[in-house]
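**Q** Below: one structure in structure tokens.
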Amino acid sequence: MAYFEMAKTVVKSVIRGPATIRYPAEPAKKTPISRGHVTIDPSRCISCGMCMRKCPADAICVVREEKTWEIDRLRCHVCNCCVEVCPVHCLTMETEYTPAVTVHEGRELVHITYVKPERPPKKEESS
Ligand code: SF4
Ligand code: SF4
């Protein structure tokens, strides 16, 4: 009986072709809600730390004084929470192919380049 089931599966697979694709040689199917790789635009990050506080995997570390944003890609489970909470929308989910990371390459440090704009001088009151 088991052999019969297995033969059925083999025949189906031969007729329909493999269920998997040869990614990245073949592009993956993407939808508007596809998730992938958290990326930051360092010129817009205001170092508020919201992404770090909301990350359930403790994968993000923001050091305001040093103007750094760091992600541990081996901890990140791609829940999208950081992207949703960022008040300035500087985090996105990159869906392009990225090579697999190893233990030593998991951490990625980004230097924040955002510069707070100066406030316009107050108008002097006329007497
Ligand atoms: S996607 Fe989720 S797990 Fe990954 S860094 Fe963002 S909040 Fe953390
Ligand atoms: S990435 Fe967004 S949420 Fe995280 S520190 Fe920067 S501005 Fe705040």
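**Q** Which FRET efficiency value, to the nearest 0.05, is calculated for Val78 and Val14 with the Förster distance at 41 angstrom and r the Cβ-Cβ distance? Please report the intermediate quantities before stating the final value.
**A** On the way: r = 34 Å, r/R0 = 0.83.
My answer for the efficiency is 0.75.
**Q** Angle check, please: helix 2-16 long axis (alpha carbons) against the longest principal axis of the chain (alpha carbons), in degrees 0 to 90, nearest 10.
**A** In the chain, helix 2-16 runs at an angle near 60 degrees to the longest axis.
**Q** Which of the lysines could a cross-linker span from Lys54 if the Cα-Cα distance has to be under 22 Å and same-chain partners fewer than 8 positions apart are dropped?
**A** Lys67
**Q** Using the Karplus equation 6.51 cos²θ - 1.76 cosθ + 1.60 (θ = phi - 60°), what ³J(HN,Hα) coupling, rounded to whole Hz, does each residue of the range 18-30 give in order, writing x for Gly and Pro?
**A** Using θ = phi - 60°, the values come out as x, 7, 9, 10, 8, 6, x, 4, 9, x, 7, 6, 10 Hz.
**Q** Shifting gears a bit: Give the relative contact order (percent, whole number) for the range 33-127; include only Cα pairs under 8 Å separated by 6+ residues.
**A** On the way: 144 pairs, mean separation 36.2, N = 95.
Over the range 33-127, the number comes to 38 percent.
**Q** Let me ask something else about it. Measuring with a 1.4 Å probe in the full set of protein chains, what accessible area per residue, in whole Å², belongs to the chain?
**A** 81
**Q** What is the distance, in nm, between label points placed 7 Å from the Cα along the Cα-to-Cβ direction at Asp41 and at Cys61?
**A** So the two model labels end up 2.7 nm from each other.
**Q** Right, something else. Set the Förster radius R0 to 30 Å, insert the Cβ-Cβ distance between Ile33 and Tyr3 as r into 1/(1 + (r/R0)^6), and round the FRET efficiency to 0.05.
**A** 0.15
**Q** Taking θ as phi - 60°, what are the ³J(HN,Hα) couplings along the range 118-124 by the Karplus curve (6.51, -1.76, 1.60), each to the nearest whole Hz, with x for Gly and Pro?
**A** Residue by residue, the range 118-124 yields 6, 6, x, x, 5, 6, 6 Hz.
The values are calculated or read from the model by the stated rules, or taken from the named source; none is laboratory data. Everything numeric in this text was worked out from a predicted model, so none of it was measured. Glycine also receives a Cβ, built like all others from the backbone with ideal geometry; neighbour counts cover every protein chain displayed. For the accessible areas, the whole protein counts, side chains as well, though only heavy atoms, and no ligand, DNA or RNA atoms are used. Shrake-Rupley method; radii C 1.70, N 1.55, O 1.52, S 1.80 Å.
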